[in-house]
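For reference, the structure discussed in these notes is given below.
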Amino acid sequence: QVQLVESGGGSVQAGGSLRLSCAASGHTFSSYAMGWFRQAPGKEREFVAGIRWTRDFTYYTDSVKGRFTISRDNAINTVYLQMNSLKPEDTAVYYCAAGWINGRNNYGMDYWGKGTLVTVSS
């Protein structure tokens with residue numbers, strides 16, 4: 001079992017930055033790939049970024065490439081999403097998830113956090 005708790009969401013103006021954190025509890029955190037997903041109002045949840053447990057593979061959806069960076073610290077069971085140059089279209093609830101990831105369209109997540117809201121104003 002893995003429990004996930006996100007933090008770091010908030011309101012920011014366009015062009016600003018936020019860093020999301022996801023704290024995981026459970027003995028097998030380091031064996032899972034970790035991903036960030038988001039769901040904007042009226043839209044389906046979408047993949048944002050993912051990182052394999054060895055940290056040698058990272059994946060991003062095209063709309064965030066060059067602006068967002070995913071990282072993880074297995075020693076403290078935490079995964080991060082650094083978000084720079086934020087745009088109003090990044091507004092969404094962001095979810096952390098644990099599972100397996102082989103690509104931005106090829107993943108299966110077993111555990112989910114409850115989400116943290118990011119609001120970007122123009």
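The values are calculated or read from the model by the stated rules, or taken from the named source; none is laboratory data. What you see is a predicted model; the values in this text were computed from it and never measured. Reconstructed Cβ throughout: ideal geometry from the backbone, glycine too, with neighbour counts over all protein chains shown. Heads up: the accessible areas ignore ligands, DNA and RNA and are worked out on the full protein's heavy atoms, side chains in. Shrake-Rupley method; radii C 1.70, N 1.55, O 1.52, S 1.80 Å.
For region 15-42, the set of residues classified as of a type in the set (Lys, Arg) and out of contact with any Asp or Glu (no Cβ under 7 Å at 6 or more places or on another chain) consists of Arg19 only.
Residues in region 79-122 that are touching a Phe, Trp or Tyr at 6+ places or on another chain (Cβ under 7 Å), open to solvent by 30 Å² or more (accessible area, probe 1.4 Å) and assigned to a strand (DSSP E or B): Gln82, Tyr95, Trp100, Tyr107, Trp112. Residues that are surrounded by fewer than 20 Cβ atoms within 10 Å (Cβ to Cβ), in a loop (DSSP other than H, G, I, E, B) and in contact (Cβ under 8 Å) with a residue 24 or more places away in the chain within region 1-34 comprise Gln1, Gly8, Gly9, Ala14, Gly15, Gly16, Ser17, Gly26, Thr28, listed in sequence order.
Among the residues of region 79-104, the ones that are hydroxyl-bearing (Ser, Thr, Tyr) and under 15 Å from Ala49 (Cα atoms) come to 3 in all. Considering only residues that are over 19 Å from Ser7 (Cα atoms), assigned to a loop (DSSP other than H, G, I, E, B) and touching a strand residue (DSSP E or B) at 6+ places or on another chain (Cβ under 8 Å), look in region 44-66 and name the one that is least open to solvent (accessible area, probe 1.4 Å). Ranking the candidates gives Thr61 first.
One line per residue, one yes/no per condition, for (1) among the β-branched types (Val, Ile, Thr); (2) under 24 Å from Asn106 (Cβ atoms); (3) under 12 Å from the mean Cα position of the chain (by Cα):
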{"site": "Leu20", "(1), (2), (3)": "no, yes, yes"}
{"site": "Tyr32", "(1), (2), (3)": "no, yes, no"}
{"site": "Phe37", "(1), (2), (3)": "no, yes, yes"}
{"site": "Ile51", "(1), (2), (3)": "yes, yes, yes"}
{"site": "Thr69", "(1), (2), (3)": "yes, yes, yes"}
{"site": "Asn74", "(1), (2), (3)": "no, yes, no"}
{"site": "Ser85", "(1), (2), (3)": "no, no, no"}
